[in-house]
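Asker: Submitted below is the structure of interest, expressed as structure tokens.
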Amino acid sequence: MIEFRCFRNEDPPRLADVWRSADLGPAAMQPMTSALLESTVFSKPYFDRQGLIVAIDGARAVGFAHAAFGPAADNCGIDPSVGTTLLVAVVPHADYQAIGQGLLERCEAYLRGRGATTLLGGGSPAMRSFYLGLYGGSDLPGILDSSSVMQGIFQRAGYEEGERIAVLRRRLAGYRPPINRLQVAIRRNTVLRVIDEPTRRTWWEAATTTGIALRRYELRNHSEEVLGSASLWDMQPLASAWGVLAAGVLHVGIEGPRRRQGLARYLLSEAMHDLAEEGVSLMETHVALSNSAAFALFESLGFETAEWGTVFRRPPKH
Ligand SMILES: CC(C)(COP(=O)(O)OP(=O)(O)OC[C@H]1O[C@@H](n2cnc3c(N)ncnc32)[C@H](O)[C@@H]1OP(=O)(O)O)[C@@H](O)C(=O)NCCC(=O)NCCS
């Protein structure tokens, strides 16, 4: 008989056990430990034990699922109207499907009970509340195609495919930025600042990136106006598990009126050169399929799609 209950303080070692045994795919940090879960999950200021559901068979944890929310529009708090089940992990078990379904249903009940009217499956750049660096790579890419077992849980429950997110990668060894008239003109008219551990701009940014090695490349003109910036991090602990020095792009943005002038390509190529000089060999970013500008930008910089993830969506009840 499977029992479902919410998280208790003595659970971390059992949840690490579940993570290690469940088939989460190659983009899940392994081997998982309770210390790693502590640093990216339980220690978050908005962690709510009611949203982390554990499945127990006798004395053994056989699965867990975690439901959470994203930021409010002002990034100063949580928006309970949109909730997501970030992941569902189930160990190999005769009742595998029933356990997955039971966990997901309880996550949905939790989200609805807190006021959610939109229910998603998987994390994303907009919903990176937990598991950054433990699943997915440079960001949360929904549920990756390589996590087919987990995708199956959402599909069997009737979730539809929402946004598709591409995992784009590029090797950096020996990278040299292009030299052309446009790049030379931008270099002359701008200043590039490299800021390690920048002050987090919002509560949400602080909550989701505290504890990770964040670096911001900021492009300014000579009047000190910020034209755009790129935020990167070292993708730990996943990058160590992969055995590479890596840089993950969390965000790149150019101020509206300054777009289409080559600034993002310049900013990123300078960052790539800087990182390559420091010995970083792999750069990764996640781009939603609908963001054609970002897609074209990263492809023009030599990034290639390594795999795809899906943010699932529970169709509204009629
Ligand atoms: C994506 C973004 C950073 C691009 O910045 P940008 O400074 O305008 O980009 P660049 O001028 O350097 O363009 C470089 C290449 O990207 C592609 N590109 C950029 N904007 C594009 C657009 N709107 N449509 C199609 N291609 C585009 C082109 O291939 C372009 O090369 P080209 O001008 O020689 O054709 C900018 O549109 C932005 O800030 N968007 C909002 C934030 C965002 O979506 N960030 C990405 C996800 S984190």
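The values are calculated or read from the model by the stated rules, or taken from the named source; none is laboratory data. Just so you know, these numbers come straight off a predicted model, no measurement behind them. Heads up, the Cβs are rebuilt from the backbone with ideal geometry, glycines too, and the neighbour counts pull from every protein chain shown. Ligands, DNA and RNA are excluded from the accessible area calculation, which covers all protein heavy atoms including side chains. Shrake-Rupley method; radii C 1.70, N 1.55, O 1.52, S 1.80 Å.
Asker: Report in % the part of the accessible area of the chain that belongs to carbon and sulfur, leaving out ligands and nucleic acids; probe 1.4 Å.
Answerer: 51
Asker: Between the alpha-carbon centers of region 165-212 and region 15-79, tell me the distance in whole angstrom.
Answerer: 29
Asker: What residues from region 275-294 fall in the zone where the backbone N is under 15 Å from a label point 7 Å along the Cα-to-C-beta line of ARG164?
Answerer: 287-292
Asker: Continuing with this model, one more query. Which one of GLY152, PRO92, GLY142 has its Cα pushed farthest toward the positive end of the charge dipole of the chain, where Lys and Arg give +1 and Asp and Glu give -1 at the Cβ?
Answerer: Positive-most Cα among the choices belongs to GLY142.
Asker: Moving to a separate point now. Which is the longest part of the chain that has none of the GluC sites (Glu not before Pro) sitting in a DSSP loop with at most 16 other Cβ atoms within 10 Å?
Answerer: 11-223
Asker: Less than 12 Å Cβ to Cβ from ALA264, Lys/Arg counted +1 and Asp/Glu -1: what total charge do the surrounding residues give?
Answerer: Summing Lys/Arg as +1 and Asp/Glu as -1 gives +2.
Asker: On a full-extension model of 0.36 nm per residue, what is the gain between ASP196 and ASP57, subtracting their alpha-carbon distance, rounded to one decimal in nm?
Answerer: 45.4 nm
Asker: Given +1 on the Cβ of Lys and Arg, -1 on the Cβ of Asp and Glu, and no further charges, what dipole in debye does the chain carry about its Cα centre, rounded to the nearest 20?
Answerer: Dipole magnitude for the chain comes out near 620 debye.
Asker: Now for a different question. Quick query: amide H of GLN261 versus all other amide H atoms, modeled in the peptide plane; which residues come in under 5 Å with a sequence gap of 5 or more or a different chain?
Answerer: Hits under the 5 Å cutoff: none.
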